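What follows draws every value from the coordinates through simple rules; no lab data is involved. Just so you know, these numbers come straight off a predicted model, no measurement behind them. In this analysis, Cβ positions are derived from the backbone assuming ideal geometry, glycine residues included, and neighbour counts consider all displayed protein chains.
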Amino acid sequence: MPGEKRSLSELLEQVKGALNKELPAHYWVIAEILEFRENRHCYLELIEKSEENDSLLAKVRATIWASRYGMLRPFFEASSGTQLKSGIKILCKASVEFHPLYGMSLNITDIDPSYTLGDLARKKQEVIQRLRKEGVFDMNREVLFPIVPQRIAVISSETAAGYGDFSESIQNNRHGFRFQTTLFPAVMQGDEAPLSITSAMEKIYESESDFDCVVMIRGGGSKADLESFNHYDLAYFITQFPLPVITGIGHERDESVADMVAHHGLKTPTAVAEFLVDQLLAFEFRLSALLDRLLISVRNRVQGDLSRLERYGEAMLYLSRALLQRQSEQLRQSEERLRRELTMQLDRKGDSLAALKKRTELVDPRNILLRGYSMTLMDGKSVSSIKNIKAGSLLETRLHDGSIISKVEPSSETNDKGED
Amino acid sequence: MTKEKISYNEAVTEIEAILQKIEEDKLDVDELAEKVSRVTDLLKICRDKLYLTEKQIGKILDED
């Protein structure tokens, strides 16, 4: 019906009707949060940027009504580890709303945290890659850790429970070690955190030589929002810091980039305190070990001196004993030789005596008689022939054990004939 | 106690150097006594620093 007039509200009601007819359902939409505002409800400005040049491709208002928002926000933050805030990308379930007075907006009824998580993880990887590429990723870890970390620069929010835990554990450590801590206050969460923290680090840098290390702690606050610690500027600042940085920012899941580039990335403020106390305890053990070494080496030294003296004494004893032994041996040998000599000479003399004796024995008449020979005497003279023997002569026959006197009878062989 | 400011590193380095000399038998008896007391002094300085606040250490130094 050309020419038919209608009111604006009638037209916009028609638009609303067309939208409801054409886009009746809920849709899963990917968008980036440009602006974020909340009272009981949550008001967002959603955009899409060109991947090539970041120019805006689309922009729309969106609302999460309080009835949904009260549940959605805690779930989202707990699952994604980040807050709903500008700069993050979300995947949300939305319906298109059109109001003749307020225009078009999206009514969000659900958000998928895993999408944001994935997106943040990708961004985090990009930061890590960049730091590695620039060759700075390991630089803070290459800073020499002090032998006794005792003067501590603490970056924390003054009111954070984590700071209280840390101060309590470190000042009242059970070994009685003294620590000197200086607080450099900083905002530890939200978008201002990276800048606030790096400013605190700059202040520490001005009096660098007063400190052994930097402790960055957080905790007790919102568990979400670790995003600040994945921020490139903050991570880069840590890598370039001349003092070792220890983090205890209370991460529950993955380490943040700050934890990765720090000298030590620990889980909680209390863990940091324990770590520092352990360092001092290790040094105390080292001192004890040095004292032991001193005692042992001095004892060895003195014992060495004593045993050297003892060895000298023993050596002298041994030497004199050996000398004595050698001399008495010589004496014994001389004596022996002398004895042998004498015996030999005596033996020689004895032999010739015996020979002499033997010879005399052989010619002793008694010995001849003993062997059965006899001897005949007449008138006391030995008879060796019958020549002068006459009948009636008395002959004495001498044997070894006595004598026999006998009278000669006449016989033919006697000298009687001759007497005739 | 000696009135000196010495870092933990310096103290430990000096102690270890002395210990090595003792262990290698490079000191005569007179030096030995002197070095032993040096080591115990250094150990005490380190221990004091571990346990006492700057203020307490200052007090000890002043009492000397």
- Grab the DSSP H runs of chain B that are 4 residues or longer, score each as -39,500 (n - 2.57), total them, divide by all residues and round the 222 nm result to the nearest 500 deg cm²/dmol. -25500 deg cm²/dmol
- Query: Using the beta-carbon distance between residue A:145 and residue A:174 and R0 = 22 Å, what value does 1/(1 + (r/R0)^6) give for FRET efficiency, to the nearest 0.05?
  - Reply: 0.45
- Task: Only helical DSSP H runs with n ≥ 4 go in: add -39500 (n - 2.57) per run for chain A, normalise by residue count and round the 222 nm mean residue ellipticity to 500 deg cm²/dmol.
- Result: -16000 deg cm²/dmol
- Could you give the nm distance between label points at residue A:403 and residue A:110, where each point is 7 Å from its Cα heading toward the beta carbon? 17.5
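Of A:199, A:209, A:156, how do they rank once you tally other Cβ atoms within 10 Å and put the fewest first?
Neighbour counts put them in this order, fewest first: A:209, A:199, A:156.
Taking beta carbons within 10 Å but only from partner chains, what does the mean come to for residues B:19-30?
On the way: counts 6, 2, 1, 7, 7, 1, 5, 0, 1, 0, 3, 0.
The shielding value for this peptide is 3.
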- Note on the structure: Residue separation between residue A:67 and residue A:308 times 0.36 nm, minus their alpha-carbon distance, gives in nm 77.4 nm
- To the nearest 10 degrees, how steep is helix A:269-363 against the longest Cα principal axis of chain A, on a 0 to 90 scale? 10
- Query: If amide H atoms are built 1.01 Å from N in the plane of the peptide, which residues on other chains or at least 5 residues away come under 5 Å of the amide H of residue A:383?
  - Reply: A:376, A:377, A:378
- Note on the structure: Non-local residues with an amide H under 5 Å from the amide H of residue A:181, with H modelled 1.01 Å from N and Pro and chain starts lacking one, are A:152
- Task: Enumerate the amide H contacts of residue A:111 below 5 Å, restricted to partners 5 or more residues apart or on another chain; note that Pro and chain-start residues carry no placed amide H.
- Result: A:93
- Query: Relative to the present Cα-Cα distance, how much length would full extension add between residue A:373 and residue A:182 at 0.36 nm per residue of separation?
  - Reply: 54.1 nm
- Between the Cα axis of helix A:66-80 and the main Cα principal axis of chain A, the angle (0 to 90°, nearest 10) is 30
- For the stretch A:141-150, just list the computed ³J(HN,Hα) in residue order, Karplus coefficients 6.51, -1.76 and 1.60, θ = phi - 60°, integers in Hz, with x standing in for Gly and Pro. 5, 7, 5, 5, 7, x, 4, 9, x, 10
- Query: If you put +1 on each Lys and Arg Cβ and -1 on each Asp and Glu Cβ, how big is the dipole of the stretch A:112-241 around its Cα centre, in Debye rounded to 20?
  - Reply: 400
- Cross-link partners among lysines for residue A:267, C-alpha distance below 20 Å, same-chain residues fewer than 8 apart left out? A:124, A:223
